[in-house]
Amino acid sequence: MIRRLGLVVAAGFLLAGCGTISPQEATRKWTDTTHFPAAFHNLKHDLDRTVLYLGRSSRDTLEMRTLCRILSLDLHKMNDSLPSPDAQGNSLLAEGLDTLSQGTALCASATGVSAVEPIRTKLREGFGGVYFGALRIWSVAGLKGQPH
């Protein structure tokens, strides 16, 4: 009887160590395992390059489409890491990534100068959602600084 009681108490202590983790800890662990900060910075870097290229007066359609395809790969990689432990961050990120995807689809089929402004608009709108989603993730995870 005492031995059985000892096992029950020992099992209780073991289970107590298996408690839930805080949202901050869960989100920080998620950012580490998915390399979310690196994915965000990579996406931002390629987006900046693409938007700058779209602003050039002399653009090569093939090069523009290549940059947009690279950007599309970046956003698919980021999307593959979802969901995070934070529902609000997921919502913002998903909406932003969807809008970015629309922009890269426009870019992939672009043929002339008139197509540039709608592409740039979609890319800016999409990045706004991704940025605020990343800011939310940074905040919940308690990461230092903010997404740049």
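The values are calculated or read from the model by the stated rules, or taken from the named source; none is laboratory data. In this text, all values refer to a predicted model and were calculated from it rather than measured experimentally. Positions of Cβ are generated from backbone atoms using ideal geometry, with glycine treated the same way; all protein chains shown enter the neighbour counts.
Between ARG120, ARG136, ARG124, the distinction of being closer than 18 Å to THR66 by Cα and in a helix (DSSP H, G or I) belongs to ARG120 only.
Residues considered: ALA94, ALA110. Of these, the only one that is farther than 18 Å from SER22 by Cα and over 13 Å from the mean Cα position of the chain (by Cα) is ALA110.
If ALA110 passes every condition in (1) touching a residue at least 12 places away in the same chain (Cβ under 8 Å); (2) within 17 Å of ASP48 (Cα to Cα) but one, which one does it miss? ALA110 satisfies all of (1) touching a residue at least 12 places away in the same chain (Cβ under 8 Å); (2) within 17 Å of ASP48 (Cα to Cα) except (2).
For SER101, are the conditions met, namely being polar (S, T, N, Q) and more than 17 Å from the chain's Cα centre (by Cα)? No, not satisfied.
Within region 43-72, the set of residues being more than 17 Å from LYS122 (Cβ to Cβ) and modelled with pLDDT of 95 or more comprises HIS45 only. Just one of the listed residues (LYS144, LYS122, LYS77) is crowded, with 16+ Cβ neighbours inside 10 Å and of a type in the set (D, E, K, R), namely LYS122. For THR33, the conditions (1) farther than 14 Å from GLY103 by Cα; (2) of a type in the set (S, T, N, Q); (3) surrounded by 13 or more Cβ atoms within 10 Å (Cβ to Cβ) all hold with the exception of (3). For region 117-148, taking the residues that are free of Cβ contacts under 8 Å to residues at least 24 places away in the same chain and more than 15 Å from SER84 (Cα to Cα), the one that is nearest to the chain's Cα centre (by Cα) is identified as GLN146. Within region 80-98, being within 20 Å of PRO118 (Cβ to Cβ) and buried (at least 20 other Cβ atoms within 10 Å of the Cβ) holds for GLY96, LEU97. Here ASP98, ASP74 are screened, and the one residue that is out of contact with any strand residue (DSSP E or B) (no Cβ under 6 Å at 6 or more places or on another chain), within 13 Å of LEU43 (Cα to Cα) and among the acidic types (Asp, Glu) is ASP74.
Looking across region 41-55 at every residue that is touching a residue at least 24 places away in the same chain (Cβ under 8 Å) and not β-branched (Val, Ile, Thr), the one that is surrounded by the most Cβ atoms within 10 Å (Cβ to Cβ) is identified as LEU43.
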